[in-house]
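Report on the structure given below.
The values are calculated or read from the model by the stated rules, or taken from the named source; none is laboratory data. Given the structure is predicted, the values throughout are model-derived calculations rather than measurements. Glycine also receives a Cβ, built like all others from the backbone with ideal geometry; neighbour counts cover every protein chain displayed. Heads up: the accessible areas ignore ligands, DNA and RNA and are worked out on the full protein's heavy atoms, side chains in. Shrake-Rupley method; radii C 1.70, N 1.55, O 1.52, S 1.80 Å.
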Amino acid sequence: MPRRSSGLPVAATVLALSIGAGLAVGAAMKSAPRRPPDSAPGRTARRSHFGGYQVAGRTVTIDAPRSRIFQMWRDPNRLTDFMEGLAAVQVSGDSVTWVVQSPDGRFPVETRLVEERPDEALAWRSAEGADIQIEAKVQLRDAPAGRGTEVEAHVAWRPQGGIVGHWAAMLRGTDPAIRGKQDLKRLKMLLETGEIATSANRKGDD
Amino acid sequence: MRALTWHGKHDVRVDTVPDPQIVNPRDAIIEVTATAICGSDLHLYDAVIPGLQPGDILGHEFMGRVVETGPKSTLKKGDRVVVPFTISCGACFFCGQGQFSACDNSNPVEKQEASELLYGHAVSGLFGYSHMTGGYPGGQAEYVRVPFSDVGPIVIPDGIPDEQVLFLSDILPTGWMAAENCDIQPGDTVAVWGCGPVGLFAIQSALLMGAHQVIAIDHYPGRLDLARGLGAKVIDYTQTHVLEALMEMTGGIGPDAVIDAVGMESHGFAPDRIMDAVKQKIGVGADNIHALRMALMAVRKGGRVSIPGVYGGMADKFPMGALMEKGLQVRTGQTHVQKYTRELLHRILEGEIDTTFLISHRLSLEDAPTGYRNFHGKQNEWTKVVMTPGAASGPAQGGDHG
Ligand SMILES: NC(=O)c1ccc[n+]([C@@H]2O[C@H](COP(=O)([O-])OP(=O)(O)OC[C@H]3O[C@@H](n4cnc5c(N)ncnc54)[C@H](O)[C@@H]3O)[C@@H](O)[C@H]2O)c1
Ligand SMILES: [Zn+2]
Ligand SMILES: [Zn+2]
């Protein structure tokens, strides 16, 4: 059985985001637990702040091999197929720019690919000096008994400064946890059924 | 096209709305030749199921001809098909287990939030129902966009009248699954609350599955007659103490299995029902579970409880003690229609199952509001309404039993 990060305590899971100073400090500031850690992923902790960061994540099981799912996340042309409000993704070397479509227009979020383990994990962190401080990670594990792949995505971000407005606009009032979960479900639909379900009765309807 | 649209409690209208189009690759467009009103539609008509929006097209029991296909549809133009009311992808974990009404991929992601919140998990897509189940435009219309048309619709050979196969879309498999969930053993008594279409098909199925006797409970003489015609014993709950009668009719043991084919809008003047009805009306999320309470009290120790009747919210005064102390088993759910259509079509073609005996009225789709009003208000005579799009408006054509 592959080691599951869900077996790690809160602090370790947050650190497993392999994040820079912000989160590490956040984890260290966390008061010593009065009880032994449980088996749940750190982000399901009752508290919602990890230092200055907010963390959200979700796991979805997709009936597809890890390699196929990894390809989807690695291919800038496919990301826009299932990530809502994403206009384009530009890749050059390690640098990955996410062009986000907001009601105020498009704006780029510059990140670096900080981890790549083929068919296992990918992580991106906002570029140094970027307006938005964000870190996202996708991990793939074999689901039990041939049920496919458990796809876990989580995001840690530091809401700050003038950027909050932008960020909020980008999310159009939606909680990033919900947004991320919905993206994962779209990915699941695309891989399992070849399309994304809609109740629209005509092309272009909502 | 013309379609029956919902505008609020007891307000449905036939409107002209845009025709549907192929949107996704696996879609097909069906031209509807027959469509029915279901007891589930009455929950929408009474506005006790949340998540409808004015203008929504209702209807989830329909069949017709394929007029357009998406590139990944396996249907051909001209195919005659019955469409299951449950929308299922055929590829997810649940569809793989035959649990089609639990499909993970048919409810649009944004619409999944409500049921995740209310039920802990997102439910699948259904035609012509709540936006919680996707808000898919329904089949009381001239045309329907059918997603996943390569796995849902069942192709019907020509020469078989619509009315013989239409109910494969919902109530026939629903009655069948309700009986199957009773796990019927030799010598078993099955008691069925509700002699609407679902109850009637459950009675027919339970007898086919070898029940020793089926006891049907309702208060409409017309509907009880239909049950009697199928071979059931009947109890009119306005005349008889149901629990006592059931004990006496089962040698003091109680029914081995019970079926609640009433759902969240139980009738009658029992005090618990009136309390429930008041709470339902003021919208505190309490369903009316009177029939279910009776069923739980009636069923024998270690017996089986099958609940095809629809519930949407919370229940008060649920007899939890009876459930636990008697060691009951409960099975329920929206029907896994796709799991049963092939077998049931075969049984229809073999003449083992008649589906037409309960049709009481035939209308033009143009007269759908009349159909709703009477199927809701005159249940003794109006047992099942079948409508034809395109037909001229006119008085209802009676059924076989007058
Ligand atoms: N599980 C599913 O997939 C599924 C599919 C179709 C319908 N349904 C549900 O099944 C239920 C029945 O559907 P239907 O089309 O037969 O509806 P219906 O309204 O025609 O029939 C309900 C019957 O129950 C009777 N009844 C009401 N209160 C009663 C009581 N206290 N005791 C005994 N009988 C009582 C009514 O007189 C009526 O004859 C509804 O809740 C409907 O939503 C579920
Ligand atoms: Zn129905
Ligand atoms: Zn499915």
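Among the residues of region B:96-108, is any open to solvent by 10 Å² or more (accessible area, probe 1.4 Å) and within 16 Å of ligand 2 (Cβ to nearest atom)?
So far as region B:96-108 goes, yes, one or more of its residues are open to solvent by 10 Å² or more (accessible area, probe 1.4 Å) and within 16 Å of ligand 2 (Cβ to nearest atom).
Contact list please: Cβ distance under 7 Å, first residue in region B:17-41 and assigned by TED's automatic domain parsing to the domain that holds B:Pro147, second residue within 16 Å of ligand 2 (Cβ to nearest atom) and part of a helix (DSSP H, G or I), pairs at least six apart or on different chains.
Cβ pairs passing all conditions: B:Ala34/B:Leu166; B:Ala36/B:Leu166; B:Ile37/B:Gly371; B:Ile37/B:Tyr372; B:Ile37/B:Phe375; B:Cys38/B:Ile171; B:Gly39/B:Pro197; B:Gly39/B:Val198.
Being within 9 Å of chain A (Cβ to nearest Cβ) and within 27 Å of B:Val14 (Cβ to Cβ): is that true of B:His60 here?
The answer is no for B:His60.
If B:Cys89 meets every condition in (1) open to solvent by 30 Å² or more (accessible area, probe 1.4 Å); (2) within 14 Å of chain A (Cβ to nearest Cβ); (3) touching a residue at least 40 places away in the same chain (Cβ under 8 Å) apart from one, which number is that one?
(1)
Test each condition in (1) within 13 Å of ligand 3 (Cβ to nearest atom); (2) under 17 Å from the mean Cα position of the chain (by Cα); (3) not hydrophobic (A, V, I, L, M, F, W, C) for B:Asp150 and report the one that comes out false.
(2)
Does region B:114-133 include one or more residues that are within 16 Å of ligand 2 (Cβ to nearest atom), under 25 Å from B:Lys339 (Cβ atoms) and open to solvent by 40 Å² or more (accessible area, probe 1.4 Å)?
Of region B:114-133, the ones within 16 Å of ligand 2 (Cβ to nearest atom) are B:123-130, B:132-133.
So of that shortlist, the ones also under 25 Å from B:Lys339 (Cβ atoms) come out as B:123-130, B:132-133.
Of the ones still in play, those that are also open to solvent by 40 Å² or more (accessible area, probe 1.4 Å) are B:123.
Scanning region B:114-133, I find at least one residue that is within 16 Å of ligand 2 (Cβ to nearest atom), under 25 Å from B:Lys339 (Cβ atoms) and open to solvent by 40 Å² or more (accessible area, probe 1.4 Å), so the answer is yes.
Only one of B:Thr33, B:Thr74, B:Thr5 is surrounded by fewer than 20 Cβ atoms within 10 Å (Cβ to Cβ) and within 14 Å of another protein chain (Cβ to nearest Cβ). Can you tell me which?
B:Thr74
Of everything in region B:242-274, what is over 12 Å from B:Val299 (Cα atoms), in a loop (DSSP other than H, G, I, E, B) and either more than 12 Å from ligand 1 (Cβ to nearest atom) or within 14 Å of chain A (Cβ to nearest Cβ) (or both)? Give them in sequence order.
Selection gives B:Met249, B:Gly251.
Can you pull out every residue in region A:190-206 that is under 17 Å from B:Val146 (Cα atoms) and either surrounded by 21 or more Cβ atoms within 10 Å (Cβ to Cβ) or facing another protein chain (nearest Cβ under 7 Å) (or both)?
Result: A:Thr193, A:Gly194, A:Glu195, A:Ala197, A:Thr198, A:Ser199, A:Ala200, A:Asn201, A:Arg202, A:Lys203.
Hey, can you tell me all the residues within region B:130-167 that are more than 12 Å from chain A (Cβ to nearest Cβ) and touching an Asp or Glu at 6+ places or on another chain (Cβ under 9 Å)?
B:Gly139, B:Gln140, B:Glu142, B:Pro153, B:Val155, B:Ile156, B:Gln164, B:Leu166, B:Phe167
For region B:184-200, give me each residue that is under 22 Å from B:His290 (Cβ atoms) and open to solvent by less than 20 Å² (accessible area, probe 1.4 Å).
Of everything in region B:184-200, those that are under 22 Å from B:His290 (Cβ atoms) and open to solvent by less than 20 Å² (accessible area, probe 1.4 Å) turn out to be B:Thr189, B:Val190, B:Ala191, B:Val192, B:Trp193, B:Gly194, B:Cys195, B:Gly196, B:Pro197, B:Gly199, B:Leu200.
Quick one: which of A:Glu84, A:Glu110 is acidic (Asp, Glu), surrounded by fewer than 18 Cβ atoms within 10 Å (Cβ to Cβ) and out of contact with any helix residue (DSSP H, G or I) (no Cβ under 8 Å at 6 or more places or on another chain)?
None of the others qualify; the one that does is A:Glu110.
Is it the case that region B:36-53 has a residue that's surrounded by 18 or more Cβ atoms within 10 Å (Cβ to Cβ), in contact with a Ser or Thr (Cβ under 9 Å, 6 or more places away or on another chain) and within 14 Å of chain A (Cβ to nearest Cβ)?
yes
Considering region B:201-241 alone, what residues qualify as being crowded, with 19+ Cβ neighbours inside 10 Å and either within 18 Å of B:Arg300 (Cβ to Cβ) or within 16 Å of ligand 3 (Cβ to nearest atom) (or both)?
Matches in region B:201-241: B:Ala206, B:Ala211, B:Val214, B:Ile215, B:Ala216, B:Ile217, B:Ile235.
Could you tell me which numbered condition B:Pro20 fails, if it satisfies all but one of (1) surrounded by fewer than 23 Cβ atoms within 10 Å (Cβ to Cβ); (2) in contact with a Lys or Arg (Cβ under 7 Å, 6 or more places away or on another chain)?
Evaluating B:Pro20 over (1) surrounded by fewer than 23 Cβ atoms within 10 Å (Cβ to Cβ); (2) in contact with a Lys or Arg (Cβ under 7 Å, 6 or more places away or on another chain) leaves (1) as the failure.
If I filter region B:119-146 down to residues being in contact (Cβ under 8 Å) with a residue 40 or more places away in the chain and more than 20 Å from the chain's Cα centre (by Cα), which single residue comes out as farthest from B:Pro71 (Cα to Cα)?
B:Glu142
Is there a residue in region B:94-105 that is in contact (Cβ under 8 Å) with a residue 40 or more places away in the chain and touching a strand residue (DSSP E or B) at 6+ places or on another chain (Cβ under 7 Å)? Walk me through how you get there before you give the answer.
Narrowing region B:94-105 to residues in contact (Cβ under 8 Å) with a residue 40 or more places away in the chain: B:95, B:98-102.
Okay, now just the ones that are also touching a strand residue (DSSP E or B) at 6+ places or on another chain (Cβ under 7 Å), so B:100-101.
The answer is yes, given that some residue of region B:94-105 is in contact (Cβ under 8 Å) with a residue 40 or more places away in the chain and touching a strand residue (DSSP E or B) at 6+ places or on another chain (Cβ under 7 Å).
Hey, B:Lys279 hits all of (1) away from ligand 1 (no atom under 11 Å from the Cβ); (2) on the phi < 0 side of the Ramachandran plot; (3) out of contact with any strand residue (DSSP E or B) (no Cβ under 9 Å at 6 or more places or on another chain) but one; which does it fall short on?
Checking B:Lys279 against (1) away from ligand 1 (no atom under 11 Å from the Cβ); (2) on the phi < 0 side of the Ramachandran plot; (3) out of contact with any strand residue (DSSP E or B) (no Cβ under 9 Å at 6 or more places or on another chain), the one that fails is (3).
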